[in-house]
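Single-structure report; data block below.
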Amino acid sequence: MKRAVVFAFIVCCAAVSALSLAEDEKNSKPSATESSAEEFSAEPTTTPKPKPKTTTKPTPPPKTTTKPTPPPKTTTKPTPPPKTTTKPTPPLKTTTKPTPPAKTTTKPAPPPKTTTKPAPPPPQPTPSTNLTVGNYTVMGDKKEICLRAEMALQIRLATPKANGTFIVQPKATKAEGGCQDTKANLTLVFKEGFITFMFNKSNANNTVYVDSMSFSLSYPLSKERKLPFTATNKSLHLFAAKIGHCYSCKSDSLYMGDGLYLDVNQDRMQAFNLTKSNDFGLPDPCPADRPDYRVAIAVGVTLLVLIVVVVIAYLLGRRRRADGYQSL
């Protein structure tokens, strides 16, 4: 842009100088013939004396040599922008003190005194132990043993939502009860509850059996159900044995209802007519412990049938051979 301005300025100066030279040349040219002033006078009679001829040479115009003045060099340096030093103004300090809350003179009413005692904490689960056989006896009116039992007990909860087991510890269990003419009672008491067996003596059938059972347990078998767990089962005919004999079985599981079971394992029990040494009489095993001869009988009958079939086949074959050798 700067170069274009300079070039235009030079062209303008050259044009101005050329016009001035042309005007000077026009002004410097003389006329072709010059006549004096007498020739044009009106008086013909008078002849004027001739004046000496004067030859005037035109003076040449002075030569003017106009050199174009070069344009001044303009060096335009960009002016740096002014430095502005704007210091940030510090924020105004506002000292607003919080207004203290208004003091209220209303005193809270004291809570009413209640005389309800806190409920005792539920019993904590004991560590699982193995089944242990306990020996329990009941004294009669004559201060002699009228009932004796050896067994391992556990109460079990088995439902789709909860499962739990409580094992009775013989060392922490006490046997209570009594005997009458045809009735006997055995109650096993422990810290978490009790289990009761009611015996009945039938002289007509010559048997002694348990006709009623019940238990109560304050032990957290399940978190969803409230304590205690109770169950009663009457009109039974369990643990039956002849009078003077003891009932024995390796394992019995009795359903008491509502998902509760009473498991009696390795048991021997007898009410009434114990031996002179207060010991058990002859054992009457439970059906599960009795030897099952049905399989042996079935095998024997099968073998006998096979033998009969073989003998009949042999006799028929021998008879056919005898008929083939008749004399001609």
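Rolling a 1.4 angstrom probe over the stretch 226-299 with all protein chains present gives an accessible area of which 54% lies on carbon and sulfur atoms. Pairwise Cα distances in the stretch 190-328 exceed 22 Å in 62 percent of cases.
Other residues within the sphere of radius under 9 Å centred on the Cβ of Glu150, judged by their own Cβ, net out at +1 (K and R +1, D and E -1).
For the stretch 176-328, the solvent-accessible area works out to 65 Å² per residue, with a probe of 1.4 Å and every protein chain left in place.
Each Lys or Arg adds one and each Asp or Glu takes one away; over the other residues whose Cβ falls under 11 Å from the Cβ of Phe239, this sums to -3. Of the two radii for the stretch 249-296, the radius of gyration is 1.10 times the Kirkwood radius, both from the alpha carbons; that is the Rg over Rh value. You can think of it this way: the chain between Asp289 and Cys13 has 84.8 nm of extra reach, that is 0.36 nm per residue less the Cα-Cα gap. In the structure shown, the pairs Lys242/Lys276; Lys191/Lys234; Lys142/Lys250; Lys183/Lys223 are assessed against 28 Å; a Cα-Cα span above that value is assigned to Lys142/Lys250; Lys183/Lys223.
Only Lys, Arg, Asp and Glu carry charge here, each on its Cβ (+1 for the first two, -1 for the last two); on that basis the stretch 238-328 has a dipole of about 900 debye about its Cα centre.
The values are calculated or read from the model by the stated rules, or taken from the named source; none is laboratory data. This one's a predicted model, so the numbers in the text were calculated from it and none came from an experiment. Every residue, glycine among them, receives a Cβ derived from its backbone with ideal geometry; neighbour counts consider all protein chains shown. Note: accessible area is taken over every heavy atom of the protein model, side chains too, but ligands, DNA and RNA are not part of it. Shrake-Rupley method; radii C 1.70, N 1.55, O 1.52, S 1.80 Å.
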